[in-house]
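Below is one structure, written out as structure tokens; the observations come after it.
The values are calculated or read from the model by the stated rules, or taken from the named source; none is laboratory data. Fair warning: this is a prediction, and the values are worked out from it, not measured in the lab. Ideal geometry is used to build each Cβ from the backbone, glycine not excepted, and the neighbour counts take in all protein chains shown. To get the accessible areas, we keep the full protein, side chains included, count just its heavy atoms, and leave off ligands, DNA and RNA. Shrake-Rupley method; radii C 1.70, N 1.55, O 1.52, S 1.80 Å.
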Amino acid sequence: SRFLVLVLSPRTVGRAWVTQEGPAFLARHGPLGHIGPVMLETVEVPPIHGSIQSLNALAQDAERVARELAAVVGRPGELDDQDPRRLLLGQHLSFVLELTDDGLGVTGPDGRRREVTPPWRGENAARFTAARLGFGQLTRKAIESPDDHAELVGCATTLGELLFAVLFDEEDVARLGQATVPGYSQPLVTIRSDDDVLLSLPWELLCHQGSFLVRDGRVDLARS
């Protein structure tokens, strides 16, 4: 997670998981812009979080607290240039994939659902299959010649471009550009699916305009 909401009440303070998770998160990310204590009931704040302003949720108004949390987390494009959170927060771009009778259903970050032809069917099937086989063979051995290296890059590029086209239509490409701000945290692209085969595809090779997005540090990637 990029941000930890720590709910404070007599039932959470002192519990083993809470006392371990909070310090572990702070050790990895630091407190600035990454952790938000929420005071659900009156309780003494653990000393390690004492310097962080807690949100008052004593009235248990979930909508108000959610709005205040959203304001704390923010989005890079909505923050002032000097706001330190611009250095810490990346946007989350989630894609839900499901196989259908007609092909592949893709639900993008904005909730739009569209049907696409998966690259292993239709006019790209031969290219995708050859690239996947070639990539699998070449990554199982040492690359010792320029020709093998060129073939490996070619296979990776083909796979990456075809998989990128599965996720990103024109609107999503624009959204990715808005979320990719040089010098700031890269967006997190999450692939969600109930199908293990879809999750096992080499999404780390996502390639756009000659750039391997994960390798070049333009996005992070997760599967769920």
Discussion item. So, taking all protein chains as they sit and a 1.4 Å probe, how much accessible area belongs to residue 147, in Å² rounded to tens?
Written reply: 120
Worksheet item: Heavy-atom accessible area of residue 3 with all protein chains present, probe 1.4 Å, nearest 10 Å²?
Response: 40
Discussion item. Please list, ordered by chain and number, the residues whose modelled amide H lies under 5 Å from the amide H of residue 35; skip anything fewer than 5 residues away on the same chain.
Written reply: 4
Worksheet item: Among 136, 168, 154, which residue has its Cα positioned farthest towards the positive end of the charge dipole of region 84-224, with +1 placed on the Cβ of Lys and Arg, -1 on the Cβ of Asp and Glu, and the dipole taken about the Cα centre?
Response: 168
Worksheet item: For residue 139 and residue 64, FRET efficiency with R0 = 45 Å and r from the beta-carbon atoms, rounded to 0.05?
Response: 0.30
